[in-house]
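> The structure under discussion is supplied below as structure tokens; questions concerning it will follow.
Here, each number is a calculation from the coordinates, and none is a lab measurement. Just so we're clear, the structure is a prediction, and the values are computed from it rather than from any experiment. Cβ atoms come from the backbone with ideal geometry, glycine included; neighbour counts cover every protein chain shown.
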Ligand SMILES: [Zn+2]
């Protein structure tokens, strides 16, 4: 089932997601729906609070350049190691139309559980490492505008002002 993506400034995007204690049917169904939603929106990753669930789960499109992308599910993820630094343009499904240059680690090594409650170690670099850092931020209530450079401050202010205007006219 394709879920509705929560847009900023919905307060759930500022909440810290809770750790998953048991991989229940709800978590399995949520993960399936998140993958479907991510594919439908052409996203590279999606965090649970972006679809209204305050749990530590995110999904990632691990082969974004292929015709039939494969997806991975990460439960209770934690970054173990990180190195390097890169600045690239980034977007977010909760901020449609906003793109900002964000500095991220170039490589990250991640620990998480999969749907079978197995420990997984996932090493990534470049685009996927960037997406992982972006999604883990979401699970901690952090959004990409929090990392923006000084020169994008005005762009963000304009974007947010526009959001306020569209909320008022509803
Ligand atoms: Zn995002």
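> When the chain is fully extended, how far beyond the present Cα-Cα distance does residue 164 get from residue 150, taking 0.36 nm per residue of separation? Don't skip to the end; give the middle numbers.
On the way: separation 14, 0.36 × 14 = 5.04 nm, distance 2.18 nm.
My answer for the length gained is 2.9 nm.
> Could you work out Rg/(2.2 N^0.38 Å) for the chain, with Rg from alpha carbons only? Each step should come with its number before you reach the end.
On the way: Rg = 15.8 Å, N = 170, 2.2 N^0.38 = 15.5 Å.
For the chain, the normalised Cα radius of gyration is 1.02.
> Helix 25-40 sits at what angle to the longest principal axis of the chain, using alpha carbons and giving 0 to 90 degrees rounded to 10?
50
> Sort 109, 16 by Cβ crowding within 10 Å, fewest neighbours at the top. Can you show the working numbers first?
Numbers: 109 16, 16 12.
In order of increasing Cβ crowding within 10 Å: 16, 109.
> Can you tell me the 0 to 90 degree angle between the C-alpha axis of helix 153-168 and the longest principal axis of the chain, rounded to 10?
Between helix and principal axis, roughly 90 degrees.
> Same structure, new question: In percent, how large is the relative contact order of the chain, given Cα pairs closer than 8 Å and 6 or more residues apart?
22
> Just to be sure I understand the model, the point goes 7 Å from the Cα along the line to the Cβ. What's the resulting residue 19 to residue 123 distance in nm?
Going by the 7 Å Cα→Cβ label model, 2.6 nm.
> Measuring from label point to label point, each 7 Å out along Cα→Cβ, what is the residue 88 to residue 2 span in nm?
2.6
> Determine the gain in length on full extension of the stretch residue 107-residue 66; use 0.36 nm per residue of separation and subtract their C-alpha separation, reporting nm with one decimal. The partial results should precede the final answer.
Numbers: separation 41, 0.36 × 41 = 14.76 nm, distance 2.14 nm.
Separation in residues times 0.36 nm, less the Cα-Cα distance, equals 12.6 nm.
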